[in-house]
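*Asks:* The structure that follows is given in the form of structure tokens.
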Amino acid sequence: MSKFLQGTMILIVAGLITRALGFVNRIVVARVIGEEGVGLYMMAMPTLVLAITITQMGLPVAISKLVAEAEAVGDRQKVKKILVVSLTITSILSVIFFPTMILLAPFLSRTLFTDPRTYYPLIAIAPVVPIIAVSSVLRGYFQGKQQMKPYAYSQLLEQIVRISLIAYCTKALLPYGIEYAAAGAMFSSVIGEFMSLLYLLYMFKLKKSIKLRTKFIQYVKAGKETFASLMRIALPTTGSRLIGSLSWFLEPIVVANSLAMAGVATTLATKQYGQLTGYALPLLMLPSFITYSLSTSLVPAISEAMAQKQTLLVEHRIQQAMRLSLVTGGLSVVVLYVFAEPLMQLMYGTSEATIFVKVMAPFFLFYYFQGPLQAVLQALDLAKAAMTNSLIGAAVKIVCIFALATQPSLGIMGAALAVAINTVLVTLLHFATIIKVVSYSIYPLEYVKACLSITIAGISGYISFHHSFFMFPLPIRTLASITVTTIVYLLLLIIFQLVKREELAHIPAIGAFFAKKNRK
């Protein structure tokens, strides 16, 4: 159990730092190359995301699950087969997609993006394909062995290298034109990924217990069963991601047409959609790195327990993940709901999108459960069911946008409600699928305690912001009030025993306190 908790805590800390560094990265890009350069950069970015999704093809999750199962029964030969077959698959994909990206760059830049200048960022990002091909396999391997430090450190290294290079590359290339500067920003990402890969290769060589080069071709030829096992998990996982991408692609089209039918002017519709997707949703999704960390640790942890036929341990780990999602998501909801207006004002310089955050925040508690539940489904070999649930949710969201956003009384709020409905529906479908397969006990008292903690912390935050610290400037007032809210919430979690001592012990500072206390 400690391995699962330690891995989760390592990933949470790394995720927090990575998010902060990513924010710095966006500031640097914006300040150096300006709005036009950012536009070119962001136009090429979806191509990068799509290339990574297709090249990885859901393999990190599949590798993580299968390696954990093999490690649980001590089958090193199976681990080697998994790595050999995975590297073969990703190598073939990179051989196909690397030249394809270069060949398609002129067509994409001139025809689809309608701006020939995007050609240079597209060419600059192409070398990332073979790099991602190898690094995705290694990351899946380390996750399967529940060694989260190499995975976490590789993410941090990638961001540090990217930020270190991005200012230099963009400034050096800016005199040649804004498109070259945008390409420099993209190439910084490639170098960051490459350094991350070198670190993963070093750690693999340091920690590996198998020799990959020995009988490599023989393992490839005899890897039909392993290939089938990988694809059984990888294809539905990729399908879920592609469904999400397609849904986000269709969403602005449906929203724009729905608002037009409701009598909203095009310029106003664009502005409102920007407030929803550019301001409100990123803020609501900001805390998701915590549940992403849980998800990453859950796949190998549950796969290992299933391989050892420890059904009680499987239920315990699901219970633990749900409870941790509840308490972390609860704090996110209360902070976002109570401090929506000052946070929007401080982050974006406008509070116009506050209403979206306030309406959607309570529903987004379900969003923080969704990632861990999907990870459980993947670990239980139900990736296809997870994909089906995502497809149902995406279809319902599109229908709800059309049904609600066309109502003049709702307008863009109808789109916000449709996103909330999708979030709740997919989470409940994931949960319903899980309880059909494994035994799961629900403890209503835990949820009552959590709701009570959220309510009391929210009231404390409201009083602090509007009465206790009202004389301070907005940044100090907001920070102080959020601190009060967080302290009250954490104290209530400890009083209600919603966070166990064994979980607190894995937080570095608290863990050191417990260790010192035990020595006494």
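The values are calculated or read from the model by the stated rules, or taken from the named source; none is laboratory data. Keep in mind that what you see is a predicted model, and the values were worked out from it rather than measured. Please note: Cβ atoms are built from the backbone with ideal geometry, for glycine as well, and neighbour counts cover all protein chains shown. The accessibility values were calculated without ligands, DNA or RNA, using every heavy atom of the protein model including side chains. Shrake-Rupley method; radii C 1.70, N 1.55, O 1.52, S 1.80 Å.
Quick grid of which residues meet (1) open to solvent by less than 50 Å² (accessible area, probe 1.4 Å); (2) not β-branched (Val, Ile, Thr):
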| residue | (1), (2) |
| --- | --- |
| Val24 | no, no |
| Met45 | yes, yes |
| Thr53 | yes, no |
| Lys78 | no, yes |
| Thr90 | yes, no |
| Met101 | yes, yes |
| Leu104 | no, yes |
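*Asks:* Just checking, how many residues over the stretch 193-228 are open to solvent by less than 60 Å² (accessible area, probe 1.4 Å), modelled with pLDDT of 80 or more and not aliphatic (A, V, I, L, M)?
*Replies:* 5
*Asks:* Restricting to the stretch 72-94, count the residues that are polar (S, T, N, Q) and out of contact with any helix residue (DSSP H, G or I) (no Cβ under 7 Å at 6 or more places or on another chain). Talk me through it step by step, then tell me what you get.
*Replies:* Of the stretch 72-94, the ones polar (S, T, N, Q) are 77, 86, 88, 90-91, 94.
Checking which are out of contact with any helix residue (DSSP H, G or I) (no Cβ under 7 Å at 6 or more places or on another chain) leaves us with 77.
Residues in the stretch 72-94 being polar (S, T, N, Q) and out of contact with any helix residue (DSSP H, G or I) (no Cβ under 7 Å at 6 or more places or on another chain): 1 in total.
*Asks:* Output the number of residues of the stretch 301-315 satisfying the condition of being among the aliphatic types (A, V, I, L, M) and more than 9 Å from Ala72 (Cβ to Cβ).
*Replies:* Taking the stretch 301-315 first, the residues among the aliphatic types (A, V, I, L, M) are 301-302, 305-307, 312-314.
Remaining after also requiring more than 9 Å from Ala72 (Cβ to Cβ): 301-302, 312-314.
Number satisfying all stated conditions: 5.
*Asks:* Next question. Quick check on the stretch 129-152: of everything there that is out of contact with any Leu (no Cβ under 9 Å at 6 or more places or on another chain) and not charged (D, E, K, R), which residue is nearest to Arg117 (Cα to Cα)? Can you show your working first?
*Replies:* In the first step, residues of the stretch 129-152 are kept if they are out of contact with any Leu (no Cβ under 9 Å at 6 or more places or on another chain); the result is 130, 143, 145-147, 149.
Still in the list and also not charged (D, E, K, R): 130, 143, 146-147.
Values: Pro130: 24, Gln143: 39, Gln146: 44, Gln147: 42 Å.
Checking each candidate, the answer is Pro130.
*Asks:* Going by the structure shown, is Phe107 within 30 Å of Leu66 (Cα to Cα) and at pLDDT below 85? Reasoning before the result, please.
*Replies:* Details: within 30 Å of Leu66 (Cα to Cα): no; at pLDDT below 85: yes.
Answer is no for this residue.
*Asks:* I'm trying to understand the selection: among the residues of the stretch 106-149, which are without any contact (Cβ under 8 Å) to a residue 60 or more places away in the chain and surrounded by fewer than 22 Cβ atoms within 10 Å (Cβ to Cβ)?
*Replies:* Correct list: Pro106, Phe107, Arg110, Thr111, Leu112, Thr114, Pro116, Pro130.
*Asks:* May I pose another question? Residues of the stretch 450-460 being touching a residue at least 24 places away in the same chain (Cβ under 8 Å) and more than 28 Å from the chain's Cα centre (by Cα), which ones?
*Replies:* Scanning the stretch 450-460 gives Leu452, Ile456, Ser460.
*Asks:* Arg317: assigned to a helix (DSSP H, G or I) and either at pLDDT 90 or above or under 23 Å from Tyr489 (Cβ atoms) (or both), yes or no?
*Replies:* Values: assigned to a helix (DSSP H, G or I): yes; either at pLDDT 90 or above or under 23 Å from Tyr489 (Cβ atoms) (or both): no.
Answer is no for this residue.
*Asks:* In the set Ile89, Ile102, Ile52, which member is at pLDDT 75 or above, more than 27 Å from the chain's Cα centre (by Cα) and either of a type in the set (A, V, I, L, M) or within 30 Å of Thr328 (Cβ to Cβ) (or both)?
*Replies:* Numbers: Ile89 fails: more than 27 Å from the chain's Cα centre (by Cα); Ile52 fails: more than 27 Å from the chain's Cα centre (by Cα).
Checking each option against the conditions leaves just Ile102.
*Asks:* List, please: which pairs have Cβ atoms under 7 Å, are six or more places apart or on different chains, and start with a residue in the stretch 253-281 that is under 11 Å from Gly411 (Cβ atoms) and end with one that is open to solvent by 40 Å² or more (accessible area, probe 1.4 Å) and not in a helix (DSSP H, G or I)?
*Replies:* Ala262/Gln407; Ala262/Pro408; Gly263/Pro408
*Asks:* Here's another thing I want to ask about it. Ser189 is checked against (1) within 19 Å of the chain's Cα centre (by Cα); (2) open to solvent by 10 Å² or more (accessible area, probe 1.4 Å); (3) more than 23 Å from Leu294 (Cα to Cα) and fails just one. What number does that condition carry?
*Replies:* Result: Ser189 passes all but (2).
*Asks:* Right, another one. Yes or no: Leu11 open to solvent by less than 10 Å² (accessible area, probe 1.4 Å) and at pLDDT below 75? Show your work before the answer.
*Replies:* Working: open to solvent by less than 10 Å² (accessible area, probe 1.4 Å): yes; at pLDDT below 75: no.
No.
*Asks:* Is it fair to say Ala172 is at pLDDT below 90 and open to solvent by less than 10 Å² (accessible area, probe 1.4 Å)?
*Replies:* Working: at pLDDT below 90: yes; open to solvent by less than 10 Å² (accessible area, probe 1.4 Å): no.
The answer is no for Ala172.
*Asks:* Further, regarding this structure: Assess whether Val67 counts as being under 20 Å from Met306 (Cα atoms), in contact with a Lys or Arg (Cβ under 8 Å, 6 or more places away or on another chain), surrounded by 20 or more Cβ atoms within 10 Å (Cβ to Cβ) and of a type in the set (Val, Ile, Thr).
*Replies:* yes
*Asks:* If a residue counts only when it is charged (D, E, K, R) and under 30 Å from Leu490 (Cα atoms), which helices (runs of 4 or more DSSP H) contained entirely in the stretch 328-433 have at least 1 such residues?
*Replies:* Numbers: elements: 340-348, 354-360, 364-379, 383-405.
Those helices (runs of 4 or more DSSP H) span 340-348, 354-360.
*Asks:* Say whether the condition of being surrounded by 20 or more Cβ atoms within 10 Å (Cβ to Cβ), closer than 20 Å to Gly22 by Cα, touching a residue at least 24 places away in the same chain (Cβ under 8 Å) and hydroxyl-bearing (Ser, Thr, Tyr) is met by at least one residue in the stretch 315-329.
*Replies:* no
*Asks:* On to the next question. When Leu425 is evaluated against the numbered criteria (1) modelled with pLDDT under 95; (2) touching a helix residue (DSSP H, G or I) at 6+ places or on another chain (Cβ under 8 Å); (3) closer than 30 Å to Ala403 by Cβ, which criterion, by number, is the only one it fails?
*Replies:* Answer for Leu425: the failing condition is (1).
*Asks:* Conditions first: (1) more than 19 Å from Leu242 (Cα to Cα); (2) under 24 Å from the mean Cα position of the chain (by Cα); (3) open to solvent by less than 10 Å² (accessible area, probe 1.4 Å); (4) at pLDDT 90 or above. Gly414 passes all but one, so which condition is the exception?
*Replies:* Among (1) more than 19 Å from Leu242 (Cα to Cα); (2) under 24 Å from the mean Cα position of the chain (by Cα); (3) open to solvent by less than 10 Å² (accessible area, probe 1.4 Å); (4) at pLDDT 90 or above, Gly414 violates only (2).
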